[in-house]
Amino acid sequence: MEQYHRNLINNSMSDLIYVTSDIETIVENLLEKNVINEWMKNYILEDEGESIKKSKFYKLIQGRGPKAFIALCRVLEETNNIKACNILTLSTSEKEEQKLSSIELLDTMSFKNSISEHDKSYVKIHPDRKFIENNLQSGHSVYPMRSNPKGHALILNINNIKDKDKLRGLAVDMANVNKLFKCLGYIIHSKADLNEKEIKNVINEFMNICNSEKANSIVVFIICHGVTGKDSTRSSGLLTEDGITMNTDWMIEQFIHKKLSGNTPMLFFIDACRGPNRDFGWKYCNGENNYLENYDADKYPIGTISGKRYEDVFIAYATLPGHTTICDPIDGSWFIQKLCQVFRENAYNTDLTRMMSLVDIKLDELSNVDHRSQTAEWSFRGFKKIFYFNPGLYEDNPDNILMTSSTNPTDV
């Protein structure tokens with residue numbers, strides 16, 4: 001079980017003991033799922049006091065495997081322990097929340113790279129320790145991805161917004177995204193719950209860091225509430241902590257305008273709703289009526305490149321314009337689940353475009369109780385080359401030892 005899950009259970013222990021009921025059934029279900037064994041079951045249930053049983057249970061479950069937390073949440077839900085499940089899926093530990101909600105600016109003096117072993121069990125590397133330098137099939141050139149670190153990644157989540165429900169599964173999403181890009185070789189900068197002014201300041205500080213350090217790429221990952229844009233059916237807005245709607249394209253341009261080094265690819269991943277519509281698929285198809293209401297395909301074509309304001313920019317959205325995203329309270333965002341899975345397994349030999357196609361295919365495998373679906377969308381703006389992450393391989397590591405930067409100096 002991850003450390004932040006242990007912290008969450010320990011910090012919520014008294015509340016969990018108070019709201020949890022039918023501990024015998026919970027233990028039996030986890031035994032059937034092979035999360036605990038017979039000895040553990042007997043150890044938990046041997047005392048007569050219910051509070052003691054629950055306390056022993058929540059302490060013991062922390063020592064189980066990496067899937068124990070998800071299994072625990074599912075069993076709590078299945079046994080109608082909804083309050084206990086909500087404590088674990090809607091909250092983060094006090095320590096993590098204090099870290100994530102800090103509004104201190106990124107500290108440019110604290111960036112000292114350290115090297116640790118690459119976690120090859122999480123992100124695969126090329127078996128021949130070989131950089132992918134060109135794409136022989138297409139004849140296109142490839143962005144160089146040899147630097148150590150590969151680049152800087154800003155992970156921004158905004159969850160505490162007045163009159164808005166909290167994003168369910170956010171703790172899982174943040175853990176997955178942070179671990180993915182750390183293992184891909186990026187220095188991670190996590191920020192949370194910023195207002196409009198703070199976001200602008202963080203963008204400035206982040207880009208100053210990116211411009212001052214040797215790195216082959218820049219990643220920005222945003223997880224927040226989103227709304228339909230005011231100016232067109234294709235635009236969307238992101239909500240800040242103080243409830244202000246920031247136009248998505250405007251926010252992206254703030255990063256782009258501050259990039260000094262030419263030909264450095266910038267990757268944007270935006271996991272936010274883009275409107276109120278839910279995608280249930282087509283109810284019928286007569287060859288004429290398959291369109292979105294008020295959607296003008298000539299005016300707002302997919303993949304539009306807005307002049308040369310954009311160079312080497314990739315943008316991925318979790319959903320289509322006008323539509324909602326889907327989040328599992330235990331496993332987190334559908335988009336993040338599948339993006340992390342695909343990138344972990346394929347980044348060593350598959351380019352960014354093909355991986356995004358695989359993400360969309362993987363999204364088709366998911367379903368929920370009301371049979372909704374979700375379609376990702378991505379576009380390239382002046383993105384002229386093929387992009388490979390080349391995880392675990394670095395130019396300043398001539399023997400291609402399995403190493404990656406693991407510095408996390410602004411995970412605040």
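The values are calculated or read from the model by the stated rules, or taken from the named source; none is laboratory data. As the structure is a prediction and not an experimental result, all values here were calculated from the model. Here the Cβ positions follow ideal geometry from the backbone for every residue, glycine too, while neighbour counts run over all protein chains shown. Only protein heavy atoms, including side chains, enter the accessible area calculation; ligands, DNA and RNA are left aside. Shrake-Rupley method; radii C 1.70, N 1.55, O 1.52, S 1.80 Å.
Being of a type in the set (Ser, Thr, Tyr), in a helix (DSSP H, G or I) and touching a residue at least 24 places away in the same chain (Cβ under 8 Å) is not true of Tyr43. Restricting attention to the stretch 139-146, does a residue exist that is at pLDDT below 80 and open to solvent by 20 Å² or more (accessible area, probe 1.4 Å)? Checked against the condition, which is being at pLDDT below 80 and open to solvent by 20 Å² or more (accessible area, probe 1.4 Å), the stretch 139-146 yields at least one hit. Scanning the stretch 61-71 for residues that are open to solvent by 30 Å² or more (accessible area, probe 1.4 Å) and among the hydrophobic types (A, V, I, L, M, F, W, C) gives a single hit, Ile70.
Within the stretch 153-177, the set of residues being at pLDDT 80 or above, over 15 Å from Ile336 (Cα atoms) and not polar (S, T, N, Q) comprises Ala153, Leu154, Ile158. On the stretch given as the stretch 7-27, residues that are within 13 Å of Lys53 (Cβ to Cβ) and in a helix (DSSP H, G or I) total 7. The numbered conditions (1) modelled with pLDDT under 90; (2) within 29 Å of Asn159 (Cβ to Cβ); (3) not hydroxyl-bearing (Ser, Thr, Tyr) are all true for Gly49 except (2).
Within the stretch 148-179, being in a helix (DSSP H, G or I), closer than 28 Å to Leu393 by Cβ and among the β-branched types (Val, Ile, Thr) holds for one residue alone: Val177. Being open to solvent by less than 30 Å² (accessible area, probe 1.4 Å), of a type outside the set (A, V, I, L, M, F, W, C) and within 33 Å of the chain's Cα centre (by Cα) is the filter here; which residues of the stretch 11-55 pass it? The answer is Ser12, Thr20, Lys54, Ser55. Restricting attention to the stretch 191-209 and to residues that are open to solvent by 10 Å² or more (accessible area, probe 1.4 Å) and outside any helix (DSSP H, G or I), the residue that is farthest from Gly243 (Cα to Cα) turns out to be Asp193.
The one condition from (1) of a type outside the set (Gly, Ala, Ser); (2) under 27 Å from Phe69 (Cα atoms); (3) at pLDDT below 90 that Thr319 does not meet is (2). Scanning the stretch 159-190 for residues that are open to solvent by less than 50 Å² (accessible area, probe 1.4 Å) and within 17 Å of Asn148 (Cα to Cα) yields a count of 9.
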